[in-house]
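The next block holds one structure in the form of C-alpha cells; read it before the comments.
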Amino acid sequence: MTSCIDVYEFKIAAGNNNAAGLLPLAGVLGSYIAAGESRVVIESYGYYAPGIERVRGNGAVQIDGFPVTQWRIGFLTWEMEEIIRNTYCSGSISGLVTVRTNTDNDYDSFANYNAVLRVPPLRDLERGANHTVIGYIMQFSRLVAL
C-alpha cells in the first residue's frame, strides 16, 4: 500500500550535489498548482528499493547496485509535464538531479540524494481529458545520500 504526502514536501534541483538549489516540486510548477490543490499529490512510500535483488548460487538473496525510488503524481497538465522534462532532463527523458525524498524506512522522514531522474517518453503517457496526464511517474535511480 502506498501513502500520499503533499507535493510541497518533495524537493528537486537540476544537477548532482545541488542541495542548496532544492525547491519544492510545487514551486517549480508555479502557477499551475493552486494552493491546496488536492489532485496534485505524490505517492512515494512503498516504491523504494535498496538495489536489485540477485539470487546467489546457494539460494540466498543479495542486494546489488544502487537504491531506486519513484514519485507517482496522480494528475498533471501538459504544461506541468513540459516544465519537469525541460527543467530536469533538458527536454529529454533523463537527467542528473539532487532530490529530497523519503524512503521505505520512514514515511515522514526525508533525506537528500544525488540521483538520475527518468521520466516517461511522451508516447507512453496516459492522457486524460482537457490536456492532462494521469499517473505520471518520475523514476530516481542511482540514489547516493548527501
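The values are calculated or read from the model by the stated rules, or taken from the named source; none is laboratory data. Small disclaimer: the values here were computed from a predicted structure and weren't measured. Every residue, glycine among them, receives a Cβ derived from its backbone with ideal geometry; neighbour counts consider all protein chains shown.
On the given criteria, is Asn102 at pLDDT 90 or above and within 18 Å of Leu143 (Cα to Cα)?
Details: at pLDDT 90 or above: no; within 18 Å of Leu143 (Cα to Cα): yes.
Answer is no for this residue.
Can you say whether Ser109 is farther than 23 Å from Ala19 by Cβ and either part of a loop (DSSP other than H, G, I, E, B) or modelled with pLDDT under 95 (or both), as far as the supplied structure shows?
Criteria not met by Ser109.
Give me the residue from the stretch 69-92 that is aromatic (Phe, Trp, Tyr) and outside any strand (DSSP E or B) and, out of that set, surrounded by the fewest Cβ atoms within 10 Å (Cβ to Cβ). Outline the logic, then answer.
Going through the stretch 69-92, the residues aromatic (Phe, Trp, Tyr) turn out to be 71, 75, 78, 88.
Checking the rest, the ones that are also outside any strand (DSSP E or B) come to 78, 88.
Details: Trp78: 15, Tyr88: 22.
Among them, the one singled out is Trp78.
Could you identify the single residue in Val119, Val40, Val97 that is in contact with a Leu (Cβ under 8 Å, 6 or more places away or on another chain) and modelled with pLDDT of 95 or more?
The unique qualifying residue is Val97.
Taking into account only those residues within the stretch 49-68 that are part of a strand (DSSP E or B) and either exposed (fewer than 11 other Cβ atoms within 10 Å of the Cβ) or among the aromatic types (Phe, Trp, Tyr) (or both), which is nearest to the chain's Cα centre (by Cα)? Explain how you work it out, then say what you get.
Of the stretch 49-68, the ones part of a strand (DSSP E or B) are 49, 52-55, 61-64, 68.
If we keep only those that are either exposed (fewer than 11 other Cβ atoms within 10 Å of the Cβ) or among the aromatic types (Phe, Trp, Tyr) (or both) too, we end up with 55, 61-62, 64.
Numbers: Val55: 28, Val61: 27, Gln62: 25, Asp64: 21 Å.
That would be Asp64.
If you check Gly95 against the conditions, is it out of contact with any Pro (no Cβ under 6 Å at 6 or more places or on another chain) and either among the aromatic types (Phe, Trp, Tyr) or surrounded by fewer than 18 Cβ atoms within 10 Å (Cβ to Cβ) (or both)?
Details: out of contact with any Pro (no Cβ under 6 Å at 6 or more places or on another chain): yes; either among the aromatic types (Phe, Trp, Tyr) or surrounded by fewer than 18 Cβ atoms within 10 Å (Cβ to Cβ) (or both): no.
The answer is no for Gly95.
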